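Report on the following structure.
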Amino acid sequence: MKALQFVEPGRPPEIRDLPVPEPTGNQVLLKVTAAGACHSDEFVMSQPPEVLSALGIELPLTLGHEGVGVVEALGPAAIGVAVGDAVAVYGPWGCQHCRVCASGAEQYCENAATAPRPPGLGSPGAMAEYLLVDSPRHLVPLDGLNPVAAAPLTDAGLTPYHAIKPVLEKLTPGSTAVVIGVGGLGHMAIQILRALTACQIVALDIGDDKLAFAKEMGADHAFASDESAVEHVREVTGGRMATAVFDFVGIPATTALDAQLTHMAGEITVVGVADGAVPVGFFTLPYNTRARAPYWGTLPELHEVLALARSGAITVETETFTLRDAPQAYERMHARTLRGRAVIVPS
Ligand code: NAD
Ligand code: ZN
């Protein structure tokens, strides 16, 4: 089968020929129908070997942690799904046995060091004709969702949902949420906020196309992501500033804005994987502000995100690429010219 592999740090990924894997034990083999390209892949591909080994990543690695497919074959112990089922893959595989996994929050598994690595982030990923999933537990029925539109829901939808959900109670009518970075995750965050709250939504990005895109996705206001954003947010909030800031970039330039945009007892959520930081201290944040850096989402939340998409309340904007053209998806991501999410369709 053809697969897109990250072969060497700093080098673009390559299409390579691999044997079709065979499911054993509890495993399920999927014929991949769609796989989303995430900025985290670009982050991983830019890391030196010592960081990769600390992340549990060995090369070559088949990319793709946003996968959707059709069940092709089952290991002898796999139950709960049948050949032909259309499913989405829950990616942050945990041990499935610890107390945290039992709650469905497998992304925070207590035994993560010995649990299987997520597909595309350690285990072979979904940017291939076939994908081996470690357990039927990690498959959620598509139930009518279009595969291309559904694949990004497993991360670009799930991660912002998990970031926003604990803050929902504070996002009352009259409050404001700021979304920084209107890419794959950010454009879903705007729609999730629109669907689940009546708060004012302000988006920040660089580039006029992204600001226009943010408004199409439901943002009330969209401003350039620089120091001027502080005054713009002050103006549109009548001086109150934002209740919640969701930072989908996470570089020092944006994390420096996070605290300035938030009011007292606010919520700062850094989702972007980069070297920015929000210092917590008496003089650095508005009183009683909470700062978090969550990771991915829970299995129950993936069911909720798919249900939200089925209801029509959220829709992933996608640009599709064949497996052969998949390296271009990452070039376009790097150039910031993608609208929404790049999705690879292997066949
Ligand atoms: P993306 O490339 O699709 O979008 C990034 C967006 O940020 C683009 O619209 C870009 O124009 C914008 N941007 C770049 N610099 C900016 C700046 N200074 N100010 C404002 N906007 C700026 O990326 P994505 O796939 O949506 O991922 C976003 C981030 O989230 C990445 O860092 C990724 O690694 C991370 N991520 C984290 C998790 C998690 O669990 N915490 C999960 C998935 C992705
Ligand atoms: Zn666990």
**Asked** Given the stretch 108-172 reduced to its alpha-carbon atoms as identical point scatterers, what log10 I(q)/I(0) does the Debye formula return at q = 0.18, 0.21, 0.22 Å⁻¹?
**Response** -0.92, -1.12, -1.18
**Prompt:** For the stretch 27-99, which whole percent of the accessible surface, found with a 1.4 angstrom probe, sits on carbon and sulfur atoms?
**Reply:** 59
**Asked** What residue among 104, 80, 64 has the largest mean-square fluctuation in a Gaussian network model of the chain, using Cα springs under 10 Å?
**Response** 80
**Request:** Whole number in Å², please: accessible area per residue of the stretch 158-292, 1.4 Å probe, ligands, DNA and RNA not counted.
**Result:** 40
**Prompt:** Which helices of the chain meet both criteria: a Cα extent of 18 Å or more along the helical axis and a mean Kyte-Doolittle score no lower than -0.5, with helices taken as whole DSSP H segments?
**Reply:** 184-196
**Complete:** Ordering 316-324, 120-128, 265-273 by per-residue average of other C-beta atoms within 10 angstrom, highest first, gives 120-128, 265-273, 316-324
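Over all directions, the average projected area of the alpha-carbon convex hull for the chain comes to how many nm²?
Directional mean of the projected Cα hull area for the chain stands at 16.6 nm².
Compute and list, largest first, the equivalent-ellipsoid semi-axes of the stretch 255-347 from the alpha carbon gyration tensor, each √(5λ) rounded to a whole angstrom.
Values: eigenvalues 229, 76, 26 Å².
For the stretch 255-347, the semi-axes come out at 34, 20, 11 Å.
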**Message:** I'd like the distance between the alpha-carbon centres of the stretch 118-182 and the stretch 1-39, rounded to an integer number of Å.
**Reply:** 19
**Prompt:** Once you treat every alpha carbon in the stretch 89-207 as an equal point and sum by Debye, what is log10 I(q)/I(0) at q = 0.19 Å⁻¹?
**Reply:** -1.10
**Prompt:** For the chain, what does -39500 (n - 2.57) per DSSP helix run (n ≥ 4), summed and divided by total residues, give at 222 nm, in deg cm²/dmol to the nearest 500?
**Reply:** -7000 deg cm²/dmol
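Where the accessible area of the stretch 158-292 is counted over protein heavy atoms with a 1.4 Å probe, how much of it, in %, is carbon and sulfur?
Values: 3140 of 5440 Å².
Carbon and sulfur atoms account for 58 percent of the accessible area of the stretch 158-292.
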**Request:** Just round it to a whole percent: the fraction of Cα-Cα distances in the stretch 15-73 exceeding 14 Å.
**Result:** 67
**Kirkwood Rh (inverse of mean 1/r, distinct Cα pairs), the stretch 65-120, angstrom** = 12.5
**Prompt:** In whole Å, how far is the Cα centre of the stretch 231-248 from that of the stretch 190-216?
**Reply:** 13
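Dividing the alpha-carbon Rg of the stretch 192-298 by 2.2 N^0.38 Å yields what? Display every interim value, and only then the final one.
Values: Rg = 13.4 Å, N = 107, 2.2 N^0.38 = 13.0 Å.
Cα Rg divided by the expected 2.2 N^0.38 Å: 1.03.
The values are calculated or read from the model by the stated rules, or taken from the named source; none is laboratory data. Keep in mind the model is a prediction, meaning the values are calculated, not measured. Every residue, glycine among them, receives a Cβ derived from its backbone with ideal geometry; neighbour counts consider all protein chains shown. What goes into the accessible areas is simple: the full protein's heavy atoms, side chains included, and nothing from ligands, DNA or RNA. Shrake-Rupley method; radii C 1.70, N 1.55, O 1.52, S 1.80 Å.
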